[in-house]
Amino acid sequence: MCSPAFLMFMATVAALTLLVLVTFSTPFIQALYFLRSEVSGGVKFGLFGFCFELTETCIPKELGYHHEPELMPPLTTVLILYPVSAALTLLGALILIPLMYTRRDRSILYAVFAVLSTLAFLAAAGAFGVTMYLFTVAMRRFHAEGFTATYGPSVWIALAATALLLAIALNAGCGTCVGGRLGRQPRHLAYTY
């Protein structure tokens, strides 16, 4: 039987992978973007900028980019919460490594993992909320100007990462998957009748 920490480690690594993919969306990985519009021959918006499909050029990579009047520059800066969430998830995964290989009581590590996973979820949820607001408003503005606009795969990857982090944070907080007993009888006690 595998350790409960191993299952949490695998889920944490999966969430980390999804967050890294979101972080390195357009302009790093052209196939991953939050929003695509037909304006200017096609534009794909990512975390650190946007790229024109017609000329295959991208703006310089920066946080807080703008595409007036559709995108609001202060909100594109808040998308830094995705890399913050990825860093917290990485720390959580590193905390779980010693828990997989020992049976000794490491309750402090469980508590640290619970805090890190909760903070990672809150950062991802905040970033996802801003993402949906920012790119929904931009999509409506593009539609009002007569251009088509659609969500890209990064939106759905971010949703999956946020949902997975919610499950991890709930399990870590309740202690069900990282070895907590929640007031149940300890394993070393046995009743003889």
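The values are calculated or read from the model by the stated rules, or taken from the named source; none is laboratory data. All values derive from a computational prediction rather than experimental measurement. What goes into the accessible areas is simple: the full protein's heavy atoms, side chains included, and nothing from ligands, DNA or RNA. Shrake-Rupley method; radii C 1.70, N 1.55, O 1.52, S 1.80 Å.
What is the percent carbon and sulfur in the accessible area of region 128-174, measuring with a 1.4 Å probe over the protein chains and ignoring ligands? Carbon plus sulfur share of accessible area: 72 percent.
Distance from the Cα centre of region 1-73 to that of region 97-164, in angstrom? Between the Cα centres of region 1-73 and region 97-164 lies a distance of 12 Å. Put TYR151, TYR65, TYR101 in order of accessible area, highest first, and with a 1.4 Å probe you get TYR101, TYR151, TYR65. Considering only GLY152, GLY49, GLY41, the Gaussian network model of the chain with Cα springs below 10 Å gives its largest mean-square fluctuation to GLY41. The largest accessible area among LYS44, LYS61 belongs to the first residue in LYS61, LYS44, and the rest follow in falling order (1.4 Å probe, all chains).
By a 1.4 Å probe calculation restricted to protein chains, LEU21 has an accessible surface near 60 Å², given to the nearest 10.
Each 5 Å bin from 0 upward holds the following percent of the Cα-Cα pairs of the chain: 1, 8, 16, 17, 14, 11, 9, 7, 6, 4, 3, 2, 1, 1, 0, 0, 0.
Computed over protein heavy atoms with a 1.4 Å probe, the carbon and sulfur contribution to the accessible area of region 1-40 reaches 77%.
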